1. Carbon and sulfur together cover what percent of the accessible area of segment 132-227 at a 1.4 Å probe radius?
2. What accessible surface, in Å², does a 1.4 Å probe find on Lys225, ignoring ligands, DNA and RNA and rounding to the nearest 10?
3. Using only protein heavy atoms and a 1.4 Å probe, report how much of Glu169 is accessible, in Å² to the nearest 10.
4. Taking a probe of 1.4 angstrom, what is the accessible area of Asp219 in Å², to the nearest 10?
5. Label-point separation (nm) for Gln118 and Ala230, each offset 7 Å from Cα along Cα-to-Cβ?
6. If amide H atoms are built 1.01 Å from N in the plane of the peptide, which residues on other chains or at least 5 residues away come under 5 Å of the amide H of Ile151?
7. If you rank Leu222, Leu33, Leu217, Leu26 by how much accessible surface each has, with a 1.4 Å probe, what is the order from largest down?
8. Convex hull volume of the Cα atoms in segment 111-202, per residue, in Å³?
Amino acid sequence: MAKTATRRRKSSTRSKGRGSSNSSALPWAIIGLLAVGGIATYDNWKSVKPMLVAHTSTQPVARTRPVTPVEPARDAGPRETASITSVSRVVPPEAVPIPAKAPSVPEKAVPVSVSPAQTQAAKAAFGYCGQGEHINCVADGSTFWYKGEKIVIADIVSPGIDTARCDGERRVGFAAKLRLLTLLNAGTFSMNPAGQPSKAGAPRVISRDGRSIGGQLVDEGLARKPGSGAWCA
């Protein structure tokens, strides 16, 4: 029994030694083969090189597709371009002459023309005529202006003032002028045409309430009927 166990131990020890020696010798064998192959390739490089070139030429070569560069998207809208324009020198405008203001002219009254068949009712605030514009004023005992129109009382002749031949005529002339002013300012009166207007004035018969103002002046000794004679002796 003892001998049999001893044999088994020896055989197992041998088998382990063989396995370890075989495993350690394998890498060295591979290295040796590579070394021998490298030496043989180096010695026969001239004949091996054409074979390698022919083998690589038969392999399909993958062609690379050229890459097309992608351009950035262009703006379809209009581009602002800088324009160079010549800047002209600004010249100030010349001074515009302002005309002198014309003196104010008083508005002239439009004469009122009355047809021969028309009777006109009139009323105004009368004053004495002076050197200015005559609108509503009394010149003498038988002449006055109404709204700018010269009126001559047709049914009387009054004594003159500037054209008086004597002092008596002049005194009566001033009195007749004052009286006519008072009568005209007393209220509304009527004017009846008594002929065509001329440079001397428009002949009218002046009355109030059916009574002639000219006849009233005759009754008061401040006027005379036409063709009655002179005022001075």
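The values are calculated or read from the model by the stated rules, or taken from the named source; none is laboratory data. It should be emphasised that the depicted structure is a prediction, and the values quoted were computed from it without experimental measurement. Positions of Cβ are backbone-derived with ideal geometry, glycine not excepted, and every protein chain shown enters the neighbour counts. Just the protein is used for accessible areas: all its heavy atoms, side chains included, with ligands, DNA and RNA removed. Shrake-Rupley method; radii C 1.70, N 1.55, O 1.52, S 1.80 Å.
1. Numbers: 2330 of 4630 Å².
Carbon plus sulfur share of accessible area: 50 percent.
2. Spelled out: Lys225, probe radius 1.4 Å, area about 100 Å².
3. Roughly 20 Å² of Glu169 is accessible to a 1.4 Å probe.
4. 120
5. Rounded to a tenth, the inter-label distance reads 4.2 nm.
6. For Ile151, the qualifying residues are Phe144, Trp145, Tyr146, Ala202.
7. Numbers: Leu222 30, Leu33 130, Leu217 0, Leu26 110 Å².
Most to least solvent-accessible, the answer reads Leu33, Leu26, Leu222, Leu217.
8. 96
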